[in-house]
Amino acid sequence: TQLLEQSPQFLSIQEGENLTVYCNSSSVFSSLQWYRQEPGEGPVLLVTVVTGGEVKKLKRLTFQFGDARKDSSLHITAAQPGDTGLYLCAGEGETSGSRLTFGEGTQLTVNP
Amino acid sequence: NAGVTQTPKFRILKIGQSMTLQCTQDMNHNYMYWYRQDPGMGLKLIYYSVGAGITDKGEVPNGYNVSRSTTEDFPLRLELAAPSQTSVYFCASSRDRVFTQYFGPGTRLTVL
């Protein structure tokens, strides 16, 4: 069974601060996705990374896939209250076919 | 496009009752998935389908059944509801295994 561990589980910061969320595993993943989920809604995809060492930027969000494709990080610069939500990483294992393994999520609260 | 729709949004069941959670997508996606999300947790895969007539078990299939007679519909059946099945259920679809998964708004189920 492939596991994805996210840290921290909870994060509460002030508007304007920077933060990093981590997603780690002992398994290798073919690709890794980051989703954001708001209360009462389904997750929405933010980014997919597929190459070891890949870095993708989405406005103030920077995503990195580890060189060994076992870990990933999400860095938010100058967080805003609109960034509040549950951030989930999800990995496609090398032998898991069409299934994603989800981490347990990081609940981010950005206070005005 | 409506995307992925789920009905009902909320439901309360008594122990031992049965129900079907409906899921429909209008994007002509081959892949469809059912997940459950317990409070403060990530998503656990229940069942998935790679096309009409083809279904397979995910991580937590016990107590559930699925069918996929059309590309659009992927209903999830609970035969004998148990309190452990209290959760939020999400249906998702994707064009292919490495593409974005689009999630429905979820069904919040309580079993008393």
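The values are calculated or read from the model by the stated rules, or taken from the named source; none is laboratory data. In this text, all values refer to a predicted model and were calculated from it rather than measured experimentally. Every residue, glycine as well, gets a Cβ built from its backbone with ideal geometry; the counts of neighbours run over all protein chains shown.
Give the residues of region B:1-26 that are over 16 Å from the mean Cα position of the chain (by Cα) and either at pLDDT below 95 or under 27 Å from A:Gln6 (Cα atoms) (or both), sorted by residue number. Answer for region B:1-26, where residues must be over 16 Å from the mean Cα position of the chain (by Cα) and either at pLDDT below 95 or under 27 Å from A:Gln6 (Cα atoms) (or both): B:Asn1, B:Ala2.
Got at least one residue in region B:26-43 being within 12 Å of chain A (Cβ to nearest Cβ), within 15 Å of B:Gly106 (Cα to Cα), touching an Asp or Glu at 6+ places or on another chain (Cβ under 8 Å) and part of a strand (DSSP E or B)? Scanning region B:26-43, I find no residue that is within 12 Å of chain A (Cβ to nearest Cβ), within 15 Å of B:Gly106 (Cα to Cα), touching an Asp or Glu at 6+ places or on another chain (Cβ under 8 Å) and part of a strand (DSSP E or B), so the answer is no. With a requirement of 2 or more residues that are out of contact with any Gly (no Cβ under 7 Å at 6 or more places or on another chain), the strands (runs of 3 or more DSSP E) lying completely within region A:16-112 that satisfy it span A:19-24, A:29-37, A:44-49, A:55-58, A:61-65, A:71-76, A:85-93, A:106-111.
For region B:7-52, the set of residues classified as surrounded by fewer than 21 Cβ atoms within 10 Å (Cβ to Cβ) and polar (S, T, N, Q) consists of B:Thr7, B:Gln17, B:Ser18, B:Thr20, B:Gln22, B:Thr24, B:Asn28, B:Asn30, listed by residue number. When restricted to residues that are closer than 15 Å to B:Leu21 by Cβ, polar (S, T, N, Q), assigned to a loop (DSSP other than H, G, I, E, B) and within 14 Å of chain A (Cβ to nearest Cβ), region B:57-106 contains 0.
Each residue in region A:54-85 was checked for being on the phi > 0 side of the Ramachandran plot and surrounded by fewer than 17 Cβ atoms within 10 Å (Cβ to Cβ), and 2 of them qualify. With respect to A:Phe102, determine if the residue is modelled with pLDDT of 95 or more, closer than 18 Å to B:Gln101 by Cβ and buried (at least 21 other Cβ atoms within 10 Å of the Cβ). Criteria not met by A:Phe102.
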